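The values are calculated or read from the model by the stated rules, or taken from the named source; none is laboratory data. All of these numbers come straight from a predicted model, not from anything done at the bench. FYI the Cβ positions are ideal-geometry reconstructions off the backbone, even for glycines, and counts take in every protein chain you see. The area values use the complete protein model at the heavy-atom level, side chains included, leaving out ligands, DNA and RNA. Shrake-Rupley method; radii C 1.70, N 1.55, O 1.52, S 1.80 Å.
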Amino acid sequence: MPQRNPPVTAWRSVLAAVAVAFAPMAQAAGWDIQTFRVVDADPRSGLPLDMNPTIDFSGDEAFLVALMETYFNDVGREYQALGLAAPSLPVFDDGQGGKAYAVHLNDYPDQRRDGSQQTRARYATDNLYIEIDASRALSGSELSEQLLEDIAHELFHAVQRSYRGNPGATHGDWIIEGQAQALGMDTARKLRGADVHAGTQDDYRLGGREYFLSLPTQVHDETYRTASFWRYLAEALPSGYGYLAALFAVPFETAGENADLLWLDEGLRSSTGEGLALHYANFVVSVAGYVPGRLTRAPSGTPEAAREKWLERLFGSCPTGNLTERSPVGVVRSRLQKNAARCFNAYIEPSVTASASAQGGSALLRRVRSRRNNNQVDLLVRAQAPTVAALEALSIGHAGSKASQPANVAPAADGDGYTATWGFGVEAGKPQTFIVSNIAGLPTTSQEQEVYFDLLTSSAHMTGAGSGLSGTIGGPVNLRFDRFPSRDILATDVESTLKAGIDRPCMLRLLMTQTDGEARFALQVDHAGPIRPGSFSVTRGQAPEKTPGNFIGYFSFGTGRDTAAYGMEGGTVELTAFGPHLVQGKASVLGRLPARGYGDAPPAWPETLSVRTEFTIIPRVNLDSPLFKHNYCFE
C-alpha cells in the first residue's frame, strides 16, 4: 500500500466525517448496530473477534481506514432508509462501550487461480464476513471508485444473506448478483459520484445482456448484467429500491428457477398489484430505448447504428415487415424463448403511385393517385395460435416507450384457434421497432413459441370498368386510398334507429379518400348487433336508418366542378373480419351518376360504373364514449 502522510487539515476533515458517521441514526428494523469498524484480523484465522482485534491504525493505514468506515456507515444508512434488513456480519465490542460490524482489511491476491480479476472487496456468504484488499483500496488520496462500487455491492450481499430462511434455499445469481450489481453501482454514484464504467464500458454500465434468452440466466457474466432489470424496477416504481424490501418479505424456502420466478412474481404482485409478466414486458420496451440517450461516450458510428447494435445485443436480429403498394400486409416471424423477448421492425412505404393503368387518357384520372403522408398512421399487429394462453403471454410495445400492450384475444374468424391483435400509431416512411415479450401470467407456465405476426395498416384498393369507360378516360379504374377520415363503429340507441325498429343498433361508417381528395369511397350501415363476418346487400339510399341491415354509399372522382359522384345502386359487401381492432372485406357495387338536368351537357364519365374495393381498416372504437355506451356490435 502506498505510504503518505496527509496534512493536518485533511486529518481534521476525516475525523469530523467519522464523528458524523458514528452519530446515532434512525433505527430501521433489525439495525440495532449502527456502525462499521475496520479490523486488522484474518477472517480465516478462526479466532473470535472478541480477542481484541487491532482497530487502532496509524499513518496511511489510519487515513485509509477512516475513509472506509465513513463510507460503510453512509452505505449502511442508505440501506436502512430503504427498509432493508441489517447485514449478516460479525459483531464485536468496538472498545468504546458499543458494538460494531467488523470489516476485515487484508492484502489478498489481485487474481484468482484461473487468472480472472478479484474484486477489491468480497463477502463470504457462508462465513459471513467482508474483507477489503488493502493494496488496491486507494486511488491517490481517495478510495478508488471501483472499491466504492464493490463495497456497496458486497454489503448488499450481506443484507441479502439476512433474508435466507432455509440455509439450502438460495436464489439464482441473476437475482443475487443482478440486484447487488445494480444497487452497488447506483449507491456509489449517489453517495460519492463514482461512475466506474462511464466513458469506457457503456454496455456493461447499462446492463446489456441477451434478453432474447430466458430472464433466469445462468451465464455468469449475464447474471451481473441483469442489473438492468433490477435498476429498471427502481426507476419505474415510486419506492425506488425500496421495492426490494417488499420482495424479501416474501418467504423463500426452495431453490431453483421456478421457485425464483414464483417468489419474484408473488413479491411484485403483493407490492405493486401487478405480476412479473407486466413488469418484464414494460422493462424490455423501456431498455430498448436506452441507446443512444444514456451513452456516456459518443458512439463510433451514427446514433442510429449504435441503437441498432444495442437492440441486437439485447434481442438478437430484428426482422422487418414491409408494407408496400404491392404487398400491403407485412409478415415477421419470431422465435420466442419462454420468459424472454424479441424485436421486429415495421416499415410502411411513404409514397406509392397507383393511377390509371393506361398510359394515356384523361388528365383527371392521371391525377388520381395514392400518396401516404409522413404523419401518423395506424398499424395493426395480428397473430394466431391454438390456445388463448399462448397469445395472452405475448405483449408488444414500441421500442423506447414506457409501457407494453397486452394482447386482445378473440376466437379466430376461420374457427382455427384464436387471434390476438395490438394497435399502434406509427410514422410512415421510417422503420418502427417493436419489442415482443413472451411471459405468462404465471411465469412458470411460459412456453417457447414460434409466432408469425401479420402487420397491417388501413388500406384500400379500388378497381373497375363501365360502359364507355376505356374510350372516355383512357383505361380502367385502378387506384388506392390512403386516407380514412371516417372509420367508426358506434353502438348507441338514437331516435333514428329506434324508429327504424333496430334492436341493439350497431353502426359502421367508412370513408376512404386519397391525399389530394380526388377519389372517395363511402359505406354506411345501421345493423342489429352483433355484426359478424359474412355477406351483406348494397342498396340505393340516402340514410342508413332507412335501409336497416343493408349498406348504402357512394364513390366519386375529381374535385369541385369536375366531380363525378356515383350513388350506389346495388351490389354486395363481404366482411371477412369485423371487430374492435380490425374491419376487413371487399365491396362489389354498381354506381350511377345523378340524372342530368334540362340543358346539362353530357358527362365525361359513363352513366354507370361498376367497381370493386378491397379494404383493411383499423377502426376507431371508443368503448368509453357515450356513442358506444352499449356493446351491441361485438360478441
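Within the stretch 597-618, can one find any residue that is among the basic types (Lys, Arg) and within 41 Å of the chain's Cα centre (by Cα)? Looking through the stretch 597-618, at least one residue is among the basic types (Lys, Arg) and within 41 Å of the chain's Cα centre (by Cα).
Conditions (1) within 23 Å of residue 424 (Cβ to Cβ); (2) of a type in the set (D, E, K, R), marked per residue:
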{"residue": "560", "(1), (2)": "no, no"}
{"residue": "569", "(1), (2)": "no, yes"}
{"residue": "572", "(1), (2)": "no, no"}
{"residue": "580", "(1), (2)": "yes, no"}
{"residue": "585", "(1), (2)": "yes, no"}
{"residue": "589", "(1), (2)": "no, no"}
{"residue": "616", "(1), (2)": "yes, no"}
{"residue": "619", "(1), (2)": "yes, no"}
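Any residue that is in a strand (DSSP E or B), at pLDDT 95 or above, open to solvent by 60 Å² or more (accessible area, probe 1.4 Å) and closer than 24 Å to residue 442 by Cα - is there at least one of those in the stretch 399-414? Scanning the stretch 399-414, I find at least one residue that is in a strand (DSSP E or B), at pLDDT 95 or above, open to solvent by 60 Å² or more (accessible area, probe 1.4 Å) and closer than 24 Å to residue 442 by Cα, so the answer is yes.
With respect to the conditions (1) closer than 20 Å to residue 131 by Cβ; (2) in a loop (DSSP other than H, G, I, E, B); (3) over 43 Å from the mean Cα position of the chain (by Cα), residue 89 falls short on a single one, namely (3). Looking at 186, 195 in this structure, which one is modelled with pLDDT of 90 or more, of a type outside the set (A, V, I, L, M, F, W, C), part of a helix (DSSP H, G or I) and more than 15 Å from residue 38 (Cα to Cα)? After applying the criteria, what remains is 186. Within the stretch 312-324, how many residues turn out to be open to solvent by 50 Å² or more (accessible area, probe 1.4 Å) and in a loop (DSSP other than H, G, I, E, B)? The number of residues fulfilling the criteria is 1.
Residue check: residue 250 meets all listed conditions (1) within 30 Å of residue 316 (Cα to Cα); (2) part of a loop (DSSP other than H, G, I, E, B); (3) hydrophobic (A, V, I, L, M, F, W, C) but one, namely (1). Looking across 114, 107, one residue alone is of a type in the set (D, E, K, R), surrounded by fewer than 18 Cβ atoms within 10 Å (Cβ to Cβ) and touching a strand residue (DSSP E or B) at 6+ places or on another chain (Cβ under 7 Å). It is 107. Kindly indicate whether residue 259 is out of contact with any His (no Cβ under 9 Å at 6 or more places or on another chain), in a helix (DSSP H, G or I) and in contact (Cβ under 8 Å) with a residue 12 or more places away in the chain. No. So residue 50 passes all but one of these: (1) open to solvent by 20 Å² or more (accessible area, probe 1.4 Å); (2) at pLDDT 60 or above. Which condition number does it fail? Result: residue 50 passes all but (2). The selection criterion, being open to solvent by 20 Å² or more (accessible area, probe 1.4 Å) and assigned by the TED database to the domain that holds residue 609, does not hold for residue 526.
Per-residue answers, yes or no, for (1) open to solvent by less than 20 Å² (accessible area, probe 1.4 Å); (2) not in a helix (DSSP H, G or I):
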| site | (1), (2) |
| --- | --- |
| 103 | yes, yes |
| 130 | yes, yes |
| 168 | no, yes |
| 175 | yes, no |
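Would you be able to say whether some residue in the stretch 224-242 is in contact with a Leu (Cβ under 7 Å, 6 or more places away or on another chain) and either in the same structural domain as residue 79 (by the TED database) or farther than 20 Å from residue 342 by Cα (or both)? Checked the stretch 224-242: at least one residue is in contact with a Leu (Cβ under 7 Å, 6 or more places away or on another chain) and either in the same structural domain as residue 79 (by the TED database) or farther than 20 Å from residue 342 by Cα (or both).
Per the conditions (1) part of a loop (DSSP other than H, G, I, E, B); (2) crowded, with 20+ Cβ neighbours inside 10 Å; (3) free of Cβ contacts under 8 Å to residues at least 60 places away in the same chain, the sole criterion not satisfied by residue 218 is (2). Does the stretch 290-311 include one or more residues that are assigned to a loop (DSSP other than H, G, I, E, B) and on the phi > 0 side of the Ramachandran plot? No, the stretch 290-311 contains no residue that is assigned to a loop (DSSP other than H, G, I, E, B) and on the phi > 0 side of the Ramachandran plot. On the given criteria, is residue 576 β-branched (Val, Ile, Thr), over 21 Å from residue 503 (Cβ atoms) and at pLDDT 90 or above? Yes, satisfied.
Matching residues to (1) among the hydroxyl-bearing types (Ser, Thr, Tyr); (2) modelled with pLDDT under 85; (3) out of contact with any Phe, Trp or Tyr (no Cβ under 9 Å at 6 or more places or on another chain):
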position: 590; (1), (2), (3): no, no, no
position: 593; (1), (2), (3): no, no, no
position: 599; (1), (2), (3): no, yes, yes
position: 602; (1), (2), (3): no, yes, yes
position: 625; (1), (2), (3): yes, yes, yes
position: 629; (1), (2), (3): no, yes, yes
position: 632; (1), (2), (3): yes, no, yes
